[in-house]
Amino acid sequence: MKEATGCIFIIVCILPLLTTAEVDVEKISKKVTDKYVEKQISKSTILPPCQACKALVGSFTKGMDRTARNKFDGGDTAWEEQNMGSYRNSEVRLVEIQEKLCQELEKGEDQCHKLVEEAETYIEEWWFKMQQDTDLHDYLCIESLKSCCPSDHYGPECTPCPGYPDRVCSNNGRCKGNGTRKGNGACACDAGYTGPECGSCANGYYQAYKDEKVVLCSPCHVSCQGSCTQAGSKGCLACKAGYSMDVEQGCVDINECVAEDREPCGTNQFCVNNEGSFSCLDCDRACNGCDGDGPDNCFACAKGYFLNDNMCQDEAQYSRDRHVVVARYAVYAGLTVATCIIFQNNQKVAYGIGLAVALYITASEHFISQSNQNAGPKLPLNDM
């Protein structure tokens with residue numbers, strides 16, 4: 001019977017652990033599976049032709065860096081210079097590079113491997129005959145595979161971008177399709193610029209500087225509605241809502257909180273003027289109407305509050321504070337009377353107790369005074 005009970009006990013104890021272990025294994029397995037699926041998706045991602053070719057060139061360049069001194073790490077520089085020539089452009093090194101080509105790419109690895117097969121002849125020709133004089137990207141991606149264009153060119157025929165060579169899109173935008181065989185070459189202007197070649201200031205900006213090569217546009221003042229002629233509110237041609245036009249100062253903020261024709265805020269709210277606008281904030285709960293924050297800015301006190309020292313105070317809290325004050329002074333009086341009674345029987349003991357009572361009262365009042373500095377009005381002594 002005892003053995004059976006022990007077995008049951010062991011099973012009961014181990015079963016939850018096994019269940020937890022199974023759950024953990026399932027979670028780990030799911031994570032591994034998710035990572036594998038994510039990696040496979042990234043490997044099979046199809047990149048645009050020019051981007052794919054750039055990825056191949058980047059991987060090849062890393063391979064060249066990796067194999068730059070693989071065969072001669074002994075430290076004999078003169079010997080290396082004499083013998084590295086045969087390895088630097090050798091087929092052995094090319095094979096070493098190709099063995100790990102594309103493997104480090106986060107996206108488009110499968111596409112990269114296919115591109116390597118298509119470009120194998122071009123890569124070998126560049127490796128053995130042209131690498132000293134020609135950039136691999138230019139030779140492979142632009143001249144041979146025709147996947148890319150030179151910088152500041154676009155489209156199937158590698159047409160120069162507007163403003164080429166020195167002022168592409170007035171240096172205030174980018175050419176659509178730049179460096180690829182795609183796009184239409186139109187200028188996508190930076191913020192603040194407009195026009196076919198981004199040579200003009202957009203609405204909400206003014207021309208701060210201009211010469212033969214540069215146009216600099218800066219944003220108008222926050223108070224301006226639309227265009228402006230210069231910096232600051234004086235440059236506004238029109239004002240946004242919340243501002244009014246002044247002959248000397250330009251657009252000036254309107255203080256909606258002092259408007260005479262209407263009340264800007266609702267019941268039991270007060271107005272705060274902002275730049276070009278205003279905000280309505282709720283009055284303190286002690287107030288029945290107010291012109292600012294806090295119980296000292298009330299027009300009248302709300303129900304359950306009364307005016308004391310120009311501040312609306314909670315009647316219930318005030319009553320509780322009054323009782324606390326009465327009780328505190330009653331304790332002080334009791335301690336004093338007890339000291340006097342002891343004094344009649346034993347003066348030395350009474351002196352000690354009297355000193356302790358005096359210190360207690362002094363420390364208590366000091367602590368209470370410090371605590372009430374930022375609190376509500378103190379209870380007047382004549383109300384006790």
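The values are calculated or read from the model by the stated rules, or taken from the named source; none is laboratory data. Just so it is clear, the model here is predicted, and its values are computed rather than measured. Here the Cβ is made from the backbone with ideal geometry for all residues, glycine too, and neighbour counts use every protein chain on show. For accessibility, only protein heavy atoms count, side chains too; no ligands or nucleic acids. Shrake-Rupley method; radii C 1.70, N 1.55, O 1.52, S 1.80 Å.
Need one number: nm distance between label points at Ala358 and Ser151, each 7 Å from Cα along Cα→Cβ, rounded to one decimal.
Each label point is offset 7 Å from its Cα along the Cβ direction, giving 8.9 nm.
Keeping all protein chains in the complex and leaving out DNA, RNA and ligands, what accessible area do you get for Val92 with a 1.4 Å probe, in Å² to the nearest 10?
The value for Val92 is about 80 Å².
Using the 2.2 N^0.38 Å rule of thumb for compact globular proteins, work out how the range 179-247 stacks up: its C-alpha Rg over that value, please. Spell out each step's value before the answer.
Numbers: Rg = 15.3 Å, N = 69, 2.2 N^0.38 = 11.0 Å.
Against the empirical 2.2 N^0.38 Å value, I get 1.39 for the range 179-247.
Roughly how many Å² of Ile353 are accessible to a 1.4 Å probe, to the nearest 10?
Ignoring ligands and nucleic acids, Ile353 comes out at about 60 Å².
Three principal axis extents, largest first, for the C-alpha atoms of the range 145-282, in Å?
74, 34, 15
For Lys213, Lys176, Lys146, give the ranking by accessible area with the largest first, probe 1.4 Å. Each step should come with its number before you reach the end.
Numbers: Lys213 140, Lys176 90, Lys146 120 Å².
Ranked list, largest accessible area first: Lys213, Lys146, Lys176.
Percent of accessible area on the range 269-313 owned by carbon and sulfur, 1.4 Å probe?
Details: 1170 of 2670 Å².
Of all accessible area on the range 269-313, carbon and sulfur atoms account for 44 percent.
At 0.36 nm per residue, minus the direct Cα-Cα distance, what do Glu275 and Leu216 gain on full extension? Give it in nm, one decimal, please. Numbers along the way, then the final one.
Details: separation 59, 0.36 × 59 = 21.24 nm, distance 2.74 nm.
So the chain would gain 18.5 nm between Glu275 and Leu216.
If I stretch the segment between Ala241 and Glu143 completely, what's the gain in nm (0.36 nm per residue apart, minus their alpha carbon distance), one decimal? Working shown, then result.
On the way: separation 98, 0.36 × 98 = 35.28 nm, distance 5.80 nm.
29.5 nm is the gain from fully extending Ala241 to Glu143.
May I ask you to derive the FRET efficiency for Gln131 and Asn203 from their Cβ-Cβ distance with R0 = 51 Å, giving the value to the nearest 0.05?
0.45
Working out 0.36 nm times the residue gap between Phe306 and Glu38, then minus their Cα-Cα distance, what length gain in nm do you get to one decimal?
Working: separation 268, 0.36 × 268 = 96.48 nm, distance 6.84 nm.
Taking Phe306 through Glu38 to full extension adds about 89.6 nm, to one decimal.
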